[in-house]
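The values are calculated or read from the model by the stated rules, or taken from the named source; none is laboratory data. Worth saying up front: this structure is predicted, and the values here are computed from it rather than measured. All Cβ positions, glycine included, derive from the backbone under ideal geometry; neighbour counts span all protein chains shown. Surface areas here come from the heavy atoms of the whole protein model, side chains and all, with no ligands, DNA or RNA. Shrake-Rupley method; radii C 1.70, N 1.55, O 1.52, S 1.80 Å.
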Amino acid sequence: MTSQELLGKLVGFDTVSRESNLALIEFVRNYLSQHGVDSELIHNEDGSKANLWATIGPADRGGVVLSGHTDVVPVDGQPWMLPAFEMTERDGKLYGRGTTDMKGYLACVLAAVPSFKAAKLETPVHLAFSYDEEVGCLGVRSIISMLEDRPHKPLACIIGEPTELKPVLGHKGKLGVRCRVHGAPCHSAYAPEGVNAIETAAKMIVRLNQIGDRLADPAHHDERFYPPFSTVQTGVIEGGRALNIVPSECRFDWEVRSLPGFDANEVEREMRDYADNELLPRMRAIEATTDIVFEPLQAYPGLTTEASSEVARLIATLAGRDDFGTVAYGTEGGLFHEAGIPTVVCGPGCMDQGHKPDEFIAIEQLERCDAMMQRLVEHLSA
Ligand SMILES: [Zn+2]
């Protein structure tokens with residue numbers, strides 16, 4: 001099957017992150033087994049989703065991981081003109097949810113399987129297809145921990161997120177945190193007798209904002225990234241029942257988008273210090289049961305690969321260019337990188353079309369990715 005035909009099949013599976021991806025995984029497993037390739041499935045806890053891992057070529061050494069996620073973002077509330085889970089071709093473009101992010105890459109990898117199989121590969125390729133990437137890079141973690149127990153560590157990893165096939169060596173990391181402020185309610189006419197959870201949350205948000213200003217200092221800039229500094233923002237806040245009640249509950253969600261090399265946990269530590277040493281003593285002087293609770297929402301590390309590394313040279317050869325860039329979005333690459341597997345991001349399509357209604361990928365992008373896969377076959381052959 002061609003990459004276009006395969007993409008049509010993959011788009012036909014509704015693999016929005018909240019759904020099971022098992023039907024897609026079964027399809028891929030059958031396809032691989034028809035080409036004489038065995039797959040390993042690594043299920044989630046309740047067995048409703050799975051990662052797929054497969055190796056083509058010699059099994060007694062590490063190879064090149066071709067990594068992509070099988071899940072897609074929802075289409076709810078988006079004005080789609082074309083069907084989301086049925087591929088439509090128009091004017092050299094293929095429409096459907098996941099065409100660009102990132103079933104297009106998976107389709108090109110699968111289309112190259114017969115070539116990988118037929119070649120005398122000196123170095124193996126590994127297929128790593130994950131679930132739950134779009135909800136915090138969750139699924140791939142069990143692939144990476146499985147690899148840690150294997151005798152041969154992969155040599156390199158190519159994450160096929162859409163970069164229009166430009167080689168990308170870095171992205172920021174992310175830390176998402178939920179804070180719950182438990183105050184003490186009372187009639188608003190006696191406001192000083194209560195502990196106002198919203199006002200406490202507001203103080204914390206102002207503090208986050210000040211930390212953000214500090215991180216934006218030009219002394220910390222890394223011009224490879226845009227914006228060239230780590231950022232902090234609060235995205236959700238909820239609290240209060242009525243104006244005449246001092247609110248007892250407020251929760252807010254905030255995130256840090258950190259430059260590689262900056263530990264976002266430092267922000268959380270500073271916020272916990274502020275809560276423990278400045279806010280809580282005053283709150284508890286009024287009501288002993290008040291509290292501020294921090295809950296992790298999601299986190300993934302940044303990616304930073306050196307331009308002089310072997311994996312950078314490999315992707316430059318495959319992509320036919322060495323104008324390395326960075327991307328603003330996160331990928332599973334930071335987790336591979338953290339596990340000691342040299343990683344780059346390079347895949348077909350453009351993220352401008354990702355996560356949007358009438359998502360599409362240009363056929364020309366698939367063709368160029370097919371050609372890149374053929375160069376990889378040659379590169380890994382004897
Ligand atoms: Zn993606």
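So the values come out like this:
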item: Cys with no candidate disulfide partner in the chain (beta-carbon separation under 4.7 Å rule); result: C137, C157, C179, C186, C250, C346, C350
item: Choice from D352, D222, D149 with maximal GNM fluctuation in the chain (Cα, 10 Å cutoff); result: D149
item: Long pairs among K9/K166; K120/K172; K49/K120; K117/K166; K203/K356; K174/K356, criterion Cα-Cα beyond 28 Å; result: K120/K172; K49/K120; K203/K356
item: Carbon/sulfur fraction of accessible area - the range 263-381, other protein chains in place, 1.4 Å, %; result: 48 percent
item: Formal net charge of residues neighbouring L297 (Cβ-Cβ distance under 9 Å; K, R +1; D, E -1); result: -2
item: Distance-filtered residues of the range 192-216 - backbone nitrogen under 18 Å, label point 7 angstrom along A288 Cα→Cβ; result: 194-195
item: Candidates I286, I341, I42: whichever shows maximal mean-square fluctuation once the chain is modelled as a Gaussian network with Cα springs under 10 Å; result: I286
item: Taking N as its residue count, the alpha carbon Rg of the range 173-300 over 2.2 N^0.38 Å; result: 1.17
item: Three-way shape call for the range 20-150 based on the alpha-carbon gyration tensor, with the a/c threshold at 1.5; result: oblate
item: Two-decimal ratio, the range 257-365, of alpha-carbon radius of gyration to 2.2 N^0.38 Å; result: 1.62
item: Share of carbon and sulfur in the accessible heavy-atom surface of the range 175-240 [1.4 Å probe, %]; result: 54 percent
item: Angle in degrees between helix 363-380 and the longest Cα principal axis of the chain, rounded to the nearest 10; result: 70 degrees
item: Accessible surface, per residue, of the chain when the full set of protein chains is kept, probe 1.4 Å, Å²; result: 45 Å²
item: Intensity falloff of the range 63-213 expressed as log10 I(q)/I(0), Debye formula with alpha-carbon point scatterers, at q = 0.13, 0.21 Å⁻¹; result: -0.84, -1.38
item: Reference-scaled alpha-carbon Rg (2.2 N^0.38 Å with N residues) for the range 231-289; result: 1.44
item: Antiparallel %, DSSP beta bridges [both residues in the range 1-131], to 5; result: 65 percent
item: Rounded to 5, the percent of DSSP beta bridges in the chain classed as antiparallel; result: 75 percent
item: Viscosity 0.692 mPa s, 37 °C: Kirkwood-radius Stokes-Einstein D of the range 323-382 over Cα pairs, µm²/s; result: 236 µm²/s
item: Cα principal axis extents for the chain, largest first, Å; result: 79, 44, 39
item: Among N44, N196, N277: highest mean-square fluctuation, GNM of the chain, C-alpha pairs under 10 Å; result: N277
item: Degrees separating the helix 310-319 axis from the principal Cα axis of the chain, which is the longest one; result: 60 degrees
item: For the range 126-133, Karplus couplings with θ = phi - 60° (6.51, -1.76, 1.60), whole Hz, Gly/Pro x; result: 10, 9, 10, 10, 10, 10, 6, 6
item: J(HN,Hα) series, the range 6-16, from Karplus relation 6.51 cos²θ - 1.76 cosθ + 1.60, nearest Hz, glycine and proline x; result: 5, 4, x, 4, 5, 5, x, 8, 6, 10, 3
item: C-alpha long axis of helix 22-34 to longest principal axis of the chain, angle in °; result: 20 degrees
item: Whole-number percent relative contact order across the range 173-300, with pairs defined as alpha carbons under 8 Å at least 6 apart; result: 43 percent
